[in-house]
Structure formats: C-alpha cells, structure tokens
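The values are calculated or read from the model by the stated rules, or taken from the named source; none is laboratory data. Computed from a predicted model, the values in this text were never measured in an experiment. Methodologically, a virtual Cβ is constructed for each residue, glycine included, from the backbone with ideal geometry; neighbour enumeration extends over all protein chains shown. Calculation scope for accessible area: heavy atoms of the full protein, side chains included, ligands and nucleic acids excluded. Shrake-Rupley method; radii C 1.70, N 1.55, O 1.52, S 1.80 Å.
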Amino acid sequence: MKQTALHAEHERLGAKLVDFAGWHMPIQYQSQIEEHHAVRGGAGMFDVAHMAAVDLHGARTREFLRGLVANDVARLRLPGKALYTCMLNEQAGVIDDLIVYFLREDHFRLVVNAGTVDKDLAWIRGHAGAFGVEVRRREDLGILAVQGPQARNAVYKNLPRGLLEPAMGLTPFQAAGDGTWFVGRTGYTGEDGFELILPHAELAALWKRLLADGVKPCGLGARDTLRLEAGMNLYGQDMDETVGPLECGLAWTVCWEPAERDFIGRKVLEAQRAAPPRKQVGLVLEGRGVLRAHMKVRFANGAQGETTSGSFAPTLKQSIALARVPANADGACEVEIRGQWLPVRLVKPPFVRNGKILV
C-alpha cells in the first residue's frame, strides 16, 4: 500500500490504519465520535494527500472543460474561483465528481478522488489532445483539509506571509496561491474551513504546527459521518458510472444553459430530465438500529429502492441514510434491518450544515 507524507505522524499518534483505495490511511485516532464533534464544534484536520491535484495547461483549456464536465466553467471568471461538478461518460454515468479551479485562462486545476485517479487521467487525456491541452498530475503536491467553525482561524497563523491576506478574504469556493502553496475555502464536512494543497515535504511541518495549536487529527471514519450528515455523496457508493447526477441528488451541478453547450453525456441527461428514472432521498430512523448501505427500502405505493450510504449520525444522535429509489416512490417508507421492516422518516438532505440540524 502507498503511504502519504503524514504516515509517520499517523503511526506516532496511534491511528488505526486501513487500506483505502490502495493507500494506508487513518480510519480514526482515538475516538471517531470525538473527532466528529471536534469538527462540528471547533477544528479538525484530515490527511487527504491521497487525492490528486491535476493541472491543465493550454489556450483552449476552458473550451475543453466546457465539453468535459456537466457544470459550466464559463461561470469561472475571477482567478481562484472554483466549482463542483461531475465528469460523465456517454451514458451520463458519473466517472468522478471533482472540483475545478480557474487559475489563469491557460491554467485550470482539478482535484479528483483517490480511487478514480487512474481512470480519470485516462479519460481526461483521451479527450485533451484534440484541444492541445497538457494534462499534468501534480504528484509533488499533497492535500490537507482543516474543517470546522474555528478552522480558518487556526490556519491563518500558519500560512506563508504572502498567502495570509488573500486567504483572509476568500469566500466559499474561492482559492488563492503563493508559490507552491494553494488554499481553497472548500471542504467535505458541511462546515467552514480550508483545503490546502502544498508540497508533500512541507505537509508534516504544517500538520505539527496545527496539532500544537489544538487542531484535532481526524480519520476517514469521522470524515464519512460528517459528509453523510452534510448530505454529500461518496463516489462508489452514492454514485458511479451507472448512476447519473439527476439520480443521486446532484442535479444542481448540471448547467443546462446555454443549450448549445454539448458536454459529454448531455443527450442522455436530457432524456432523464424529461422522464426521471430514480431519485435520491434522505432517511432518518426514528427508533433503534443503524442504517447501512445496501439495505432494502420500500414505500406504501409499492416502489422499492436501496440505501446507498448509512450510519449513526453523532450530531443528530440518530441513524440516517441516503437512498436511491424510483422517481414515483411515495407514501410511508420502511427499511429492512436484520429481517425486520422499520419505519423511517423521509427528509431532504442535508441533515446538518454549519453545526445546525436541518431535519
């Protein structure tokens, strides 16, 4: 298994390490629940250096991306602005969900998921040549996410001097850079914070400074419960190459106008838009039990579906799930847990955002 630059720190802190997408990653350090609450109430940090930054260079990069992804990078006009989008195949299935940053007219940056890096690069390079776009994976750079209501304050004092003022002025989904350091006001927890991209050689020093300032190390376990409470999808569970954005709660990431923009997968998406086959819903289990992925879901009108992500939600102190169900699903809903059908409450995600319970 591959190791990030922070591997020695994980071992020193006694983290429980697991195989995640071929990387040796911390699932938790001491208490997953405590890590979850630290992010909701203070500041926590995540080693996400297994994710990949990919830089695109060339005069036609914007034109290339307008056809490659479902959201429209024409919206990105100010340097540093970012958007979240899906990269689709011809059948409108999700190859990956990613963030696109606009740096210069001839330079955009993508951040892609760890488990999809190889297929993403193959797909991107397979389409980039026609536009003269150079695709460069930044293997010299790693990523550290610092999240929570106190996260940005913790990060400010540890930034290079040239980044301090730009970082303080960032709005959500905006980024700034200084040399090899790059900081974006983005995240995967439903809380405010930063995602920092910097050389692997400098990650451990930053980690140690943040640790000394009281930022709590958090593992993949807390990251999963935080993102689920925030109603954020996990690639490979809530969507994949057989599931389109309209079926997994990501319709808002598809930009339909202008109608002449012919991005990959658009024709199939338009047919789905006219007659939606499936939809994503949120579930809250009112009684005892734990919702997990791949549990059967049924409705009063006979429609049947399946949970895609599920867990105990520490902030709600209840079990929650995302489920994919037929578009016509209606009426009272139940989930099968260990052979028993238990009632659940239908809600619209997110369940929690910025520390507030929304359901």
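Return a whole-number percent for the relative contact order of the range 174-233, with Cα pairs under 8 Å and 6 or more residues apart as the contact set. Write out the running numbers ahead of the final one.
Values: 52 pairs, mean separation 16.9, N = 60.
Dividing the mean separation by the residue count of the range 174-233 yields 28 percent.
Relative contact order of the chain, please, whole-number percent, based on alpha carbon pairs below 8 angstrom and at least 6 residues apart.
On the way: 825 pairs, mean separation 65.1, N = 359.
Relative contact order of the chain: 18 percent.
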Practice item. Within the range 153-190, report the trypsin sites (Lys or Arg not before Pro) that DSSP leaves as loop and that have at most 16 other Cβ atoms within 10 Å. Key: Lys157
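Pop out the Kirkwood hydrodynamic radius of the range 130-208 from its pairwise C-alpha distances, inverse of mean 1/r, in Å to one decimal.
Hydrodynamic radius (Kirkwood, Cα pairs) of the range 130-208 is 13.3 Å.
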Point to revise | Among Ala222, Ala329, Ala43, residue whose mean-square fluctuation peaks in a GNM of the chain (springs only between Cα atoms under 10 Å) | key: Ala329
Check your understanding: Which residues' amide hydrogens lie under 5 Å from the amide hydrogen of Gly305, considering only partners 5 or more residues apart or on another chain, with H built in the peptide plane?
Key -> Val297, Arg298
Practice item. Keeping all protein chains in place, calculate the accessible area per residue for the chain (probe 1.4 angstrom), answer in Å². Key: 43
Practice item. Determine how many Å³ per residue the convex hull of the Cα atoms of the range 170-283 encloses. Key: 171
**Study point:** Amide H partners (placed H, <5 Å) of Ala313, local residues excluded
**Key:** Gln318, Ser319, Ile320
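Kindly provide the GluC sites (Glu not before Pro) of the range 40-119 that DSSP labels as loop, not H, G, I, E or B, and whose Cβ sees at most 11 other Cβ atoms within 10 Å. Mind showing how you got there, number by number?
On the way: sites: Glu63, Glu90, Glu105; in loops: Glu90, Glu105.
Here the sparse-neighbourhood loop sites are Glu90.
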Check your understanding: What net charge do the residues around Ala212 carry, taking every other residue with its C-beta under 13 Å from that of Ala212, with Lys and Arg at +1 and Asp and Glu at -1?
Key -> +2
Review point. Normalised by the number of residues in the range 55-192, what is the relative contact order in percent for Cα pairs under 8 Å and 6+ residues apart?
Key: 22
Revision key, fill the gap. Residue separation between Arg136 and Glu270 times 0.36 nm, minus their alpha-carbon distance, gives in nm 45.0 nm
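Select from the range 60-139 those trypsin sites (Lys or Arg not before Pro) which occupy a DSSP coil region and have at most 13 other Cβ atoms within 10 Å, ordered by residue number. Walk me through the numbers before you get to the answer.
Numbers: sites: Arg60, Arg62, Arg66, Arg75, Arg77, Lys81, Arg104, Arg109, Lys119, Arg125, Arg136, Arg137, Arg138; in loops: Arg60, Arg77, Arg138.
Sparse-neighbourhood loop trypsin sites (Lys or Arg not before Pro): Arg77.
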Practice item. Using a Gaussian network model of the chain whose springs link C-alpha atoms within less than 10 Å, name the residue from Leu210, Leu144, Leu316 with the highest mean-square fluctuation. Key: Leu316
Point to revise | Computed label-point distance, nm, for sites Glu257 and Thr180 using a 7 Å Cα→Cβ extension | key: 4.4
Practice item. Rank Ala329, Met1, Leu65 by how far each Cα sits towards the positive end of the charge dipole of the chain (+1 on Lys, Arg Cβ; -1 on Asp, Glu Cβ) and give me just the farthest. Key: Ala329
Exercise for review: In vacuum, with every alpha carbon of the range 272-359 counted as one equal point scatterer, what does the Debye formula give for log10 I(q)/I(0) at q = 0.12, 0.14 Å⁻¹? Two decimals, please.
Suggested key: -0.34, -0.45
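What part of the accessible area of the range 269-359, given as a whole %, is carbon or sulfur when the probe is 1.4 angstrom? Provide the component values of the computation, followed by the final result.
On the way: 2380 of 4910 Å².
Carbon and sulfur together cover 48 percent of it.
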Practice item. With a ≥ b ≥ c taken as the square roots of the eigenvalues of the C-alpha gyration tensor of the range 260-321, please select rounded if a/c is under 1.5 and otherwise prolate if a/b is larger than b/c or oblate if it is not? Key: prolate
Review point. Under a point spin-label approximation (7 Å from Cα along Cα-to-Cβ), what is the Lys356-Ala59 distance to one decimal in nm?
Key: 4.9
Revision key, fill the gap. Looks like the range 15-71, by Cα gyration tensor root eigenvalues a ≥ b ≥ c and the a/c under 1.5 rounded cutoff (else prolate when a/b is bigger than b/c, oblate otherwise), is prolate
Review point. Going down the list Lys119/Lys216; Lys216/Lys356; Lys216/Lys317; Lys16/Lys279, which pairs span over 31 Å between their C-alpha atoms?
Key: Lys119/Lys216; Lys16/Lys279
Exercise for review: Return the ratio Rg/(2.2 N^0.38 Å) for the chain, where Rg is computed over Cα atoms only.
Suggested key: 0.99
